[in-house]
1. Name the aspartates and glutamates eligible as straight-distance cross-link partners of LYS420: C-alpha to C-alpha under 18 Å, and not fewer than 8 places from it in the same chain.
2. Provide LEU257, LEU182 in ascending order of the number of other Cβ atoms located within 10 Å of each residue's Cβ, fewest first.
3. Structure shown: which of LYS61/LYS268; LYS70/LYS237; LYS70/LYS105; LYS238/LYS268; LYS64/LYS310; LYS64/LYS619 lie over 19 Å apart, alpha-carbon to alpha-carbon?
4. Express in % the proportion of alpha carbon pairs of the range 180-231 at distances exceeding 14 Å.
5. Between LEU109 and GLN140, what is the label-to-label distance in nm when each label sits 7 Å out along the Cα-to-Cβ direction?
6. Among residues other than ALA501 whose Cβ falls under 12 Å from its Cβ, what is the net charge (Lys/Arg +1, Asp/Glu -1)?
7. Could you tell me which of the pairs LYS402/LYS510; LYS137/LYS202; LYS382/LYS554; LYS419/LYS569 are separated by over 20 angstrom between their Cα atoms in the structure shown?
8. Write down Rg/Rh for the range 75-280, rounded to two decimals, with Rg from the C-alpha atoms and Rh from the Kirkwood relation over Cα pairs.
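Derivation of every value follows stated rules applied to the coordinates shown; laboratory data play no part. What you see is a predicted model, and the numbers here were worked out from it, not measured in a lab. Don't worry about glycine lacking a Cβ; one is built from the backbone with ideal geometry, like all the others, and counts go over all protein chains shown.
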Amino acid sequence: MEASYWSRFLKQRVGRRRSLAAAGSLAGGSLLLAACGGGESGGEEKQGGSSLLATPADTSKQAKRGGTVKDSVNREPGHFDGQAQGQVQLNFFNSIVYESLVRNKPGHLQPSDFAEVEPQLAESWEFSGDGTQLTFKVRQGVKWQNRPPVSGRAFDAQDVVQSWNRYVGLVSNNRASNANSLNPSAPIVSVTAPDSRTVVVKLKEPTSYILQRYTSMVTGELGSIYPREADGGFDPKKDQIGTGAYMLDKFEPSVELEYVRNPDYWDKNAAYPDAIHVPVVPEYATGLSQFKSGSIYSYGVLAQDQLVTKRDVPRINLYAVTPRLTNPLFQMRFGWQPIDGKKSPFLDIRIRQALSMSLERDSYIDAAYNVSKFEAEGIPVKTYYDTSMSHNSWTLDPRDKKTFGDNARYYEYNPNEAKKLFEAAKSAYGGDLPPVPAFSVDIFGAAYAQNTEVMNNFARALGFNYVGQTINYNRDYLPHYVTKRGQFSGVLYGIGATTSADVTDFYVWKYYSKSGETSGALGNGGPDGSLGDGSGDPQVDSLIENARHELDAKKRQQIIADLQRHLAKEQYAVSPPGVADSFSMAWPILANFRVWQNDSRTVSFTIPGLMTYWLDESKPPAA
């Protein structure tokens, strides 16, 4: 193979003008190249022995109410209905107005493993002995926001039932992954309210991840609880009325959104700022400039700009962030439909394996995450390979062959073997392969676009003619590609939120052949060559079913390990090389920043822990 693309890239950095990188995740996070977060540098203990880093400090006991958070988005929501089809640009605004029955237990000064939940609109819950019934007791003293026609009335169990019925009645969301009436493999058979305080959820079978599904405030998913007046007195596409900490106060399309604190919010130990001001800033360079000036408190500064930004404005904080992901960012998903009248080349396992073995993982991670530059500043950076999922505490490291097993070889950079596999597959195909449409999406920003093109170049170096094409998120990506389970021609760089942050649920969402129509599942075919016919890979389906029924976390983790080993050989989707520790940037005014991590109450890329932050106006940029 010729000199690597990344070797050249390391010498020729991309141009300086980029758009804000933003993505949905997830399981739990943003596109890591658009780092999120920040904190205070003055007077704090430094991380990793470097004077450039600061350690998050828990200042909860000193928290004061008041002030306005200054955030930004690169695109406003198309509408405000968070129960409808997912919109990454709506996730944050949905999660500060509406709430879920339970929330993910955040990690204190460390990432959460998404293994436990805490009360929110439900005060308590319990499973039946056979695991097929989940009973919630809803919180007393909660009021809906005081806006007509809901007008501050009490929240009760019937709201939960009606919210479920509305969710199931909408055709443009992930309902088929949850409602058994629409999909016989979906877990929820019914939701009823025997009295005003009790919600009974009947399940088809024991489901290990069901509580994490109820935490998800990602749009189009299960968690958001809407009032029973939705569609019967106010239009959720045009307005928002929830039980949450903030209320929509102003929306000027393409200009700004403003939210004010809900004075009747039930949780008196959360949501300290009085208001949130969110201008629409589509250009990355403009947003970065506003961040440096202090008119934005936190921003998704790209990895290659972070050290420069820190030197330009030393008062801005830089914090290390350990990734906790399940969904691999910009994963190469294959279309099983013919290309130019000939069968899809990706039906051949050798092609998929060759693509994986052609990735220069270490060089890629170093360039994408600026690893060498951070290490040269005395900042240690750990790197992590993606498998069929991205890095979290359950991800096996293919570099540890003793633990991973023989299939780890498909994650090794082996250009000679990759070329042999590719040429053998091409010969069996009957000659030259057709040009391959390689679809990327217009909304995910410059980091995503930059890295999908790098993946295209890896494929081109192997011998493919990948033809990059940009598609519209709402018009093309959602209805025609990401939800079609491989029923398209070419490759798609998919990204987006999984049904929940639970690891097992990720595999249900992406690889289980019996998931709902909007699941985006990839493993709908198998070793017998039946890819694309919906029959599934029997071994994948069996392992996923075992994991979803297994309530013991340690046993379930072993099942997921076996699943990773199997999918390493099959490569039904080729994950990007991997991730690394990344870094967050924010002004010191955001006190308590990154103290409570992976709090599902605020789905945000730049200010993800808003419910526990407070504004210390004795610190920059206010000071």
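1. Cα-Cα hits under 18 Å: GLU2, ASP348, GLU360, GLU412, ASP432, GLU570.
2. Details: LEU257 22, LEU182 14.
Placing the least packed residue first, the sequence is LEU182, LEU257.
3. On the way: LYS61/LYS268 13 Å; LYS70/LYS237 25 Å; LYS70/LYS105 26 Å; LYS238/LYS268 28 Å; LYS64/LYS310 28 Å; LYS64/LYS619 14 Å.
Cα-Cα > 19 Å for LYS70/LYS237; LYS70/LYS105; LYS238/LYS268; LYS64/LYS310; rest within.
4. On the way: 860 of 1326 pairs.
In whole percent, the share of Cα-Cα pairs in the range 180-231 beyond 14 Å is 65.
5. Here the modelled spin labels are 3.7 nm apart.
6. -2
7. Values: LYS402/LYS510 27 Å; LYS137/LYS202 15 Å; LYS382/LYS554 25 Å; LYS419/LYS569 17 Å.
In this structure, LYS402/LYS510; LYS382/LYS554 exceed 20 Å between Cα atoms.
8. Values: Rg = 16.6 Å, Rh = 17.5 Å.
In the range 75-280, Rg relative to Rh is 0.95.
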